[in-house]
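Visitor: Take a look at the following structure, please.
Read-outs: derived from the displayed coordinates by stated rules, not from any lab. Just so it is clear, the structure is predicted and the values come from calculations on it, not from any experiment. As a convention, Cβ positions derive from the backbone with ideal geometry for all residues, glycine included, and neighbour counts pool all protein chains shown.
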Amino acid sequence: MTTTTTTTTATTATADMVTAAGRAGTTGPTASPTGAPAGTAAGSLRDTTDRPTGYVHGYSEAEAVRLGDQANTLVELLHAGTAYPPGSRVLEVGCGVGAQTVHLLAANPGMHLTAVDVSADSLAQARARVAALAPGARVDWHHGDLHRLPFVDGSFDHLFVCFVLEHLADPPAALAALRRVLRPGGTITVVEGDHGSTFFHPESGAARATVDHLVRLQTLAGGDGLIGRRLHPLLTGAGFRDVTVRPRAVYADGSRPELVQGFTRRTFLAMVESVRAEALAADLTTAEAFDRGIADLRRTAEEGGTFHYTFFKALAVRP
């Protein structure tokens, strides 16, 4: 793995053998001198099983913009209640393009943040985003695999894991690997969505079917678009205690134009539209049916329309 900081000072951990195939969810083997358990990639992603997984939304420039829109629109909803004392050692797992990173830094200026992702391209975008929006912030960047983190046991006081587990074929194995690097008494915060929590007006069977295609594609890729509802049993089963999970609902109508634009249109609709080619290639639908569903989803963001979605935020402690 390679490690760098926002000040461009670089130190070398182990040689990272993640190849370009990692962008499709595969990595080569990586050795760790720290005794970290073997595994495979995170965030963008391959799990410990042999089943290939992938970031179903892709790595396009449009997806990077969507992630930024989502983070900015939902900053209060997703980050409220998350505060790390000055000096805390915090690990952000699967930081992606840094959309959540800049908000973590803004809310917790005294922490020492380490951010890890399997995609080198995403890390480069994250570093650029932080340099532009949080100049001088202290961040260590790690290119690599959440199952092979090059840190000794108990290295961190807190872990922040946002929109990562949904893309993994084996979330329990990922949580076990993360538990290793969290100190006893330290906390893990996990945020995930649940596409099954979507409802809207006007109601449309075509729109609901199109959302279901996204869920199905994520399942085919090895992930789970309905994982939000599973956070409590997943964390409990991984050996964490004092697990609390709270729903964070987004509701948008004509009285909340910022949410209609920032979430309904630029986050959720953009996410569903981005998988059109994959849905057709997988023979899940026809072009006509998919497009009809998208048109009906757009209607929910117009006058008289409403849209609802629920995220789930979990907090737990390592005993």
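Visitor: To the nearest 0.05, how large is the calculated FRET efficiency for residue 280 and residue 246 if R₀ is 35 Å and r is the Cβ-Cβ distance?
Guide: 0.40
Visitor: If you keep only loop residues by DSSP, which GluC sites (Glu not before Pro) in the stretch 229-319 have at most 10 other Cβ atoms within 10 Å of their Cβ?
Guide: 303
Visitor: Once every Cα of the stretch 217-309 carries one equal point scatterer and solvent is ignored, give the base-10 log of I(q)/I(0) from the Debye formula at q = 0.18, 0.19, 0.22 Å⁻¹, two decimals.
Guide: So the normalised log intensities are -0.95, -0.99, -1.08.
Visitor: In whole Hz and in residue order, list the ³J(HN,Hα) couplings for the stretch 284-291 that follow from phi through the Karplus curve 6.51 cos²θ - 1.76 cosθ + 1.60, θ = phi - 60°; x for Gly and Pro.
Guide: 7, 7, 9, 4, 5, 5, 4, 5
Visitor: Select from the stretch 119-217 those GluC sites (Glu not before Pro) which occupy a DSSP coil region and have at most 14 other Cβ atoms within 10 Å, ordered by residue number.
Guide: Of the GluC sites (Glu not before Pro), the ones in loops of the stretch 119-217 whose Cβ has at most 14 other Cβ atoms within 10 Å are 203.
Visitor: Further question on the same structure: Could you give the length gained by full extension between residue 236 and residue 261, i.e. 0.36 nm per residue of separation minus their alpha carbon distance, to one decimal place?
Guide: Numbers: separation 25, 0.36 × 25 = 9.00 nm, distance 3.66 nm.
Once the chain is fully extended between residue 236 and residue 261, it gains 5.3 nm.
Visitor: Rule-of-thumb check for the stretch 128-242: C-alpha Rg over 2.2 N^0.38 Å? Please list the in-between numbers first.
Guide: On the way: Rg = 17.4 Å, N = 115, 2.2 N^0.38 = 13.4 Å.
For the stretch 128-242, the normalised Cα radius of gyration comes out at 1.30.
Visitor: When the Cα centres of the stretch 270-318 and the stretch 150-193 are compared, how far apart do they sit, in Å?
Guide: First find each Cα centre; the distance between them is then 28 Å.
Visitor: Using the basic label-point model (7 angstrom from Cα toward the beta carbon), what is the residue 302 to residue 289 distance in nanometres?
Guide: About 2.4 nm, to one decimal.
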